[in-house]
Every structure is written in C-alpha cells, then in structure tokens.
Amino acid sequence: MEALKKCALTLSLAGALVFSAVPMNSTVVEAVGNGPGFGGNETINTSILTTYSEMADYLQKQEAKQQNMELEVIGESVKGRDLYLVKYMTNPENPTILFLTQQHGNEQLTTEGALEFIKHLGTGKMKGVTDNVNILIVPMLNPDGAMGDVDFSLDDYVASGDRNLTRLNAVGVDLNRDHVTKIQPETKALHTNVMSKYDIDYMIDLHHQGANSERDGELVSGSILYPTSPNVDEDVLEGSKKLGSIVFDAIDSKGWGHLGKYNGGNAETISRNGIAVEYGISTLLFEMRGMSDHYYESYVLGQKSNGYLIKQTVTTLESTVRAIADGSIDTADTSFWDTLAFQQTRTSE
Ligand SMILES: [Zn+2]
C-alpha cells in the first residue's frame, strides 16, 4: 500500500510539472500539441504505473474508508486475478452509470483516472452527489494484459523495465471483440455479473488510441464516439449523444483538452455497439491519447503526458456523474456532433 501511495504521488507530481511547465500565455493548441510524445527519444518506464496488486490493495483500503462504497469480485482473469467491481448504489431507483477501463491492458491511464475518481468520491468534494446517481466502476478488466502476464512474446514492446503492457488478454484475445460470444472469462464476468445484473442507463468505455491523431490540424487529447450499429434504438443513441455532449463540454474547454470524433466500426462484438444493442444502454467510447506500451513506437506516448490524461479521465467521470445526478444531461445539446470532425492520423512531422 505504501508503494501505491508513492506511485499516486509520483503521478500527480508529474501532472503538476506538466501543467506548470506550460507558460500561462500558451494557447490551448500548444498545450496539447506540445505534450511530449515518445518518438523513440525517451525511455518508457512503466514502473510509475499502478500494478494490479497495488490496485487491489488500494480498492480494499478505499472500501474500508468509504461508507457508500462496496467492492465486489465479479470473476477471474485467465491467469486467476480477481476482477473488481466498485459500487456506489444509494437507491435502486436512481439512474445508473457504468465506467469500464482497460479492456485493453496497455491503455492504463484510464484506470489511474478511475482510481483517482474513486478517492474523490470519498471526499467532501463529491458530497451528496451519490444520493442521486448510482455509479458502477470496473477498473482494469484485462489485468493479465496490463501486467504482461501472457502466453505470447512481448519482446518487441517499447517499454523498458520488468513490466510490459499488452492490448490482448493472456491467451491473445481482444476482449473488445468478444461482446457477442463472451467466451473469455473477463468478458463473461462483465456480462454475467454486471451487465445482466444491474439496470444500467449509461456506460463510458475508456480506452487509449495512437499518439498522433489530429483534428483541425492540431493533435487531440482524445476522441469520442456513440454506438454506430444500425440496430441501436433511437432513444439509446440519443442518450449516448447527450453523454458525449457532457464530456465534450467538460474537456474541450480545458487548456489541455482537444477532442476529435473517433472513426469506429459498426460490429456488435465491440462493447460500444453490442452493449447498446443488447441491453439498451446509452454508451460512449472515449479514446485517450497514446498508449502505455506497444510494439508500434508511434502508438506509445511519453509518460510526461500522464498528468493531463489522468485529469482528462477524472474530469470525464466527474462531469457525467454530476450531469446525471442533477438531471442536466436530459437537456444536453447534441448538435455539436453534427460539426465535430473525425480525427485524422498525422502522417509525418
Ligand atoms: Zn482500447
């Protein structure tokens, strides 16, 4: 637990340094575009990221501290790691939102943000909010991939040190293509013990994308998309677009925030689509900039950007929870979707 504390401190310190390193008069665009990329020029040291067992300790500690919070084990990964569900269920009549992180093990800052948000929920800052909204959080659905404990070689991965992180689960399956058949234990646990068990209204599925996407000529801090399967109910889709509206307003106005529209597929094997169709849940995909590790150098983002990306996750979770709790999501303006441009991959520097 001490190790985790230290780790969290390192991350917020890194964040503070990033923020203070940006001159006060710098533009929005510079704040994002100048975020240090990897580009093969720095060492990617994954030891500053929270490990699976540090996360488990942290969650247990938060549960002991927070009266409203309940921690549940919903299943096990291929390699036998417990999969966690964090619950704030004040009133079954309340609207419910689910946050899902790290289906892809090498997309870890979303989990760091979720852990930070869980801590916030136990402080006066968020007092009273959980009276009017139920919150479910599944952090690190793919812990084996996150810890590099897999049955295939990670020799060509970029990160140095003793921990590599990979998209696929231990047996090489992409969990975010398993939402129809649900064969993998991780996906099965999610569907059996979360999706089927609770009356969920909204879900945000948190990921990371490559580091070099841009919108309107400037690098993005992330991208968002609603379900695009033709089988999604119209009301469900509208709820997804409202969820996106809350996120866009909260992020794009920040100095470090610049969002594009993600160009995603229609397959229902993808959670954004499949969960919207199967359960009638309004879903939103949020892809943060850059990954923690990969065999493609251009996908990996320098860890100096960790601060604003963790902040981006916390802001996303907090803004949507508040908008659902006070009902303002119901009147959210979805017209921005009509003009939001698809992000493009920057081809050369
Ligand atoms: Zn992903």
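No lab work stands behind these numbers, since they all come straight from the coordinates. The shown structure was predicted, so the numbers you read here are calculated from the model rather than taken from an experiment. Note: ideal-geometry Cβ built from the backbone for every residue, glycine included; neighbour counts use all protein chains shown.
What is segment 148-219 by shape, rounded, prolate or oblate, if you read a ≥ b ≥ c off the alpha carbon gyration tensor as root eigenvalues and call it rounded for a/c under 1.5, prolate for a/b larger than b/c, and oblate otherwise?
The shape class here is oblate.
Per-residue HN-Hα couplings for segment 303-312, Karplus 6.51 cos²θ - 1.76 cosθ + 1.60 at θ = phi - 60°, whole Hz, x for Gly and Pro?
Per-residue couplings from phi come out as 5, 5, 8, 3, x, 6, 6, 5, 4, 4 Hz.
Out of the trypsin sites (Lys or Arg not before Pro) in segment 51-102, which ones are loop residues according to DSSP with at most 14 other C-beta atoms within 10 Å?
none
What are the ³J(HN,Hα) couplings of segment 272-279, residue after residue, when phi is run through the Karplus curve with 6.51, -1.76, 1.60 and θ = phi - 60°? Round to Hz, x for glycine and proline.
Per-residue couplings from phi come out as 3, 8, x, 6, 5, 6, 5, 10 Hz.
Report, in deg cm²/dmol and to the nearest 500, the calculated mean residue ellipticity at 222 nm for the chain, where each DSSP H run with n ≥ 4 adds -39500 (n - 2.57) and the sum is divided by the residue count.
-10000 deg cm²/dmol
How high is the relative contact order of the chain, in percent, counting Cα pairs under 8 Å that sit 6 or more residues apart?
24 percent
Could you go through segment 219-227 in sequence order and give the Karplus-derived ³J(HN,Hα) for each residue, using 6.51 cos²θ - 1.76 cosθ + 1.60 with θ = phi - 60°, rounded to whole Hz, and x for Gly and Pro?
Result, ordered by residue: 4, 9, 8, x, 9, 10, 7, 8, x Hz.
Compute the separation of the alpha-carbon centres of segment 282-349 and segment 164-210 and state it in Å as a whole number.
Between the Cα centre of segment 282-349 and that of segment 164-210, the gap is 19 Å.
If packing is taken as the average number of other Cβ atoms within 10 Å across a peptide's residues, how do 258-264, 68-74 rank, most packed first?
258-264, 68-74
With a Förster radius of 25 Å, plug the Cβ-Cβ distance of LYS61 and LYS197 into 1/(1 + (r/R0)^6) and report the FRET value to the nearest 0.05.
Taking R0 as 25 Å, the efficiency between LYS61 and LYS197 is 0.50.
Within 10 Å, count the other beta carbons around each residue, average over each peptide in 215-228, 244-257, and list them highest first.
Highest to lowest by the protection proxy: 215-228, 244-257.
When we measure straight from the Cα of LYS127, which lysines land under 22 angstrom away, once same-chain ones fewer than 8 places off are left out?
LYS61, LYS65, LYS87, LYS119, LYS311
Once you have a ≥ b ≥ c as the square roots of the Cα gyration tensor eigenvalues for the chain, tell me rounded if a/c is under 1.5, and otherwise prolate or oblate according to whether a/b is larger than b/c.
rounded
Give the shape of segment 127-272 as rounded, prolate or oblate, defined through the alpha-carbon gyration tensor: a ≥ b ≥ c are the square roots of its eigenvalues, a/c under 1.5 means rounded, and otherwise the shape is prolate if a/b is larger than b/c and oblate if not.
Oblate is the answer for segment 127-272, as a/c is 1.5 or above yet b/c matches or exceeds a/b.
So for the pair THR181, MET89, with labels modelled 7 Å out along Cα→Cβ, what separation do we get in nm?
With each label point 7 Å from Cα toward Cβ, the separation is 3.1 nm.
With unit charges on the beta carbon (Lys/Arg positive, Asp/Glu negative), name the residue among VAL150, SER223, LEU317 whose Cα is farthest towards the positive pole of the charge dipole of the chain.
Of VAL150, SER223, LEU317, it is LEU317.
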